[in-house]
Ligand code: SAH
Ligand code: SF4
Ligand code: F3S
């Protein structure tokens, strides 16, 4: 259950195996200094760590998967809820012991919590040498040099242009099959609960040519799936290129390359995008469409700029254009400021109506500096938030199970991603709708596409037999 409340993610990645921390793989050292990096938070942070690794490699660093071996340790942090920050602070306590044994160790805080707290982090956490925000990653080697000379180093400038378009990411902890491509950065929406506009700055889109080139290179390297990432992919815009056009260009890179994307915003997702999805078999039939609440008054307070009817209308459009088989997941927040019991019931009934395949559900956590923190008292008692959250989770689990049960007896197309966490005898992959599928290893290899028959399911996974 914890996973539902703890994991901050833009889209379900591999529900089988996703780790909240991903580390670098080991590289040959040959007298180089070693970097160890941990990522917290959403997929954009994981993707950014791959940029940071590339920048650091150019500066002569090798990567290590063991913190104890490192000369430099980076934590790429998340600020979305209070517990995301607490997790990082707890990690720093552990790193303290390491630094005591190895005083020359350099510890850097990157990402959203670094951006939010800026130099305050240096005051609050003695162990930290470097603070670098999400738009400062080109500057990191210089910050490391400063830290090596005994100074504290900070760069938290946010940029209006930076997209790191020219930096080829180093794929971290990669299965060699699936990869993220960031297509935009920042966010111009001002959802009242959300810290992201403050930690990641203004929205900007990346040159589509560099995106297509990155996808081509991934295919050449044997990858079979890309996920296009942005806080609000539907507002992607580069000159005359809109998100639907970009999606089409990436889908055309190779019919063997699956294309996913995240996150869609209900106010912006267009029929054009849905028609493009319908047109290309290799664009996965899956949409992550955060709702946040099922009640129009609460949605207004949240500044989501759509109401319940608009959201349900989008669900209807998805079903009309892509059919009932399209996978849909959502995000939901329980206990937002002044939410009544009836308004909470509206979130439950929205989940019932939409029949989501999956959900990421959270208790509201007030974030300093946000519109909600300034304007609305955080007045729902913690116990009530938690109880509402558990009702939301229980309902979603029931519906997830029902949605999975309807696949039993269906033949589905699966991309093999690796060995199942539970057993070496089993492999796992995902179907078109992003559901984790488990099957006996046989002679199948990761990267293969298989046709499978679904025989059993839980609320989280499908068990299948391979047809061919
Ligand atoms: N850009 C995405 C969301 C990114 S943050 C979108 O607009 O939907 C991921 C999720 O974290 C959000 O969808 C929201 O459900 C949750 N979240 C964000 N701020 C929160 C807060 N202050 N308290 C609880 N959950 C929050
Ligand atoms: Fe946050 Fe809203 Fe932007 Fe999503 S769209 S990142 S919830 S401000
Ligand atoms: Fe992502 Fe957390 Fe930042 S959700 S954008 S890493 S605040």
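The values are calculated or read from the model by the stated rules, or taken from the named source; none is laboratory data. Model, not experiment: these values are computed from the prediction. Cβ placement follows ideal geometry from the backbone for every residue including glycine, while neighbour counts extend to all protein chains displayed.
Computed values, structure above
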read-out: Check on residue 133, out of contact with any helix residue (DSSP H, G or I) (no Cβ under 8 Å at 6 or more places or on another chain) and either away from ligand 2 (no atom under 16 Å from the Cβ) or touching a residue at least 60 places away in the same chain (Cβ under 8 Å) (or both); value: no
read-out: So residue 342, is it over 23 Å from the mean Cα position of the chain (by Cα) and either within 30 Å of residue 461 (Cα to Cα) or outside the structural domain of residue 277 (by TED's automatic domain parsing) (or both); value: no
read-out: Residue check for residue 394: over 17 Å from residue 357 (Cα atoms) and out of contact with any strand residue (DSSP E or B) (no Cβ under 8 Å at 6 or more places or on another chain); value: no
read-out: Of residues in region 358-371 being within 13 Å of ligand 1 (Cβ to nearest atom) and not in a loop (DSSP other than H, G, I, E, B), the one nearest to the chain's Cα centre (by Cα); value: 360
read-out: Which listed residue is outside the structural domain of residue 208 (by TED's automatic domain parsing), farther than 23 Å from residue 88 by Cα and in contact with a strand residue (DSSP E or B) (Cβ under 6 Å, 6 or more places away or on another chain), from 162, 146; value: 146
read-out: Every residue from region 166-201 that is in a loop (DSSP other than H, G, I, E, B), more than 16 Å from ligand 2 (Cβ to nearest atom) and over 23 Å from residue 144 (Cβ atoms); value: 174, 175, 176, 177
read-out: Filter result for the condition that a residue is out of contact with any strand residue (DSSP E or B) (no Cβ under 8 Å at 6 or more places or on another chain) and at negative phi, over 297, 260; value: 297
read-out: Residue count, region 372-392 (criterion: surrounded by fewer than 17 Cβ atoms within 10 Å (Cβ to Cβ) and within 23 Å of the chain's Cα centre (by Cα)); value: 1
read-out: Single match in 401, 395 (criterion: modelled with pLDDT of 95 or more and buried (at least 16 other Cβ atoms within 10 Å of the Cβ)); value: 395
read-out: Any hit, region 338-354, residues being more than 19 Å from residue 307 (Cβ to Cβ), modelled with pLDDT of 95 or more and in contact with a strand residue (DSSP E or B) (Cβ under 6 Å, 6 or more places away or on another chain); value: no
read-out: Hits in region 372-428 - residues which are in a helix (DSSP H, G or I) and under 27 Å from residue 175 (Cα atoms); value: 400, 404
read-out: Test: residue 252 is at positive phi and assigned by TED's automatic domain parsing to the domain that holds residue 222; value: no
read-out: Residues satisfying the stated conditions in region 254-279, i.e. closer than 18 Å to residue 432 by Cβ and surrounded by 17 or more Cβ atoms within 10 Å (Cβ to Cβ); value: 254, 257, 258, 259, 260, 261, 262, 264, 273, 274, 276, 277
read-out: Residue match in region 202-222 (condition: assigned to a loop (DSSP other than H, G, I, E, B) and within 11 Å of ligand 1 (Cβ to nearest atom)); value: yes
read-out: Residue within region 448-461 that is in contact (Cβ under 8 Å) with a residue 60 or more places away in the chain, more than 26 Å from residue 331 (Cα to Cα), buried (at least 16 other Cβ atoms within 10 Å of the Cβ) and outside the structural domain of residue 260 (by TED's automatic domain parsing) present; value: no
read-out: Residue within region 349-357 that is in contact (Cβ under 8 Å) with a residue 40 or more places away in the chain, closer than 20 Å to residue 303 by Cα and not in a helix (DSSP H, G or I) present; value: no
read-out: Residue in region 301-320 that is assigned by TED's automatic domain parsing to the domain that holds residue 198, within 16 Å of ligand 3 (Cβ to nearest atom) and in contact with a strand residue (DSSP E or B) (Cβ under 7 Å, 6 or more places away or on another chain) present; value: no
read-out: Selected residue (criterion: farthest from residue 370 (Cα to Cα)) from residues of region 229-249 that are touching a strand residue (DSSP E or B) at 6+ places or on another chain (Cβ under 7 Å) and crowded, with 22+ Cβ neighbours inside 10 Å; value: 247
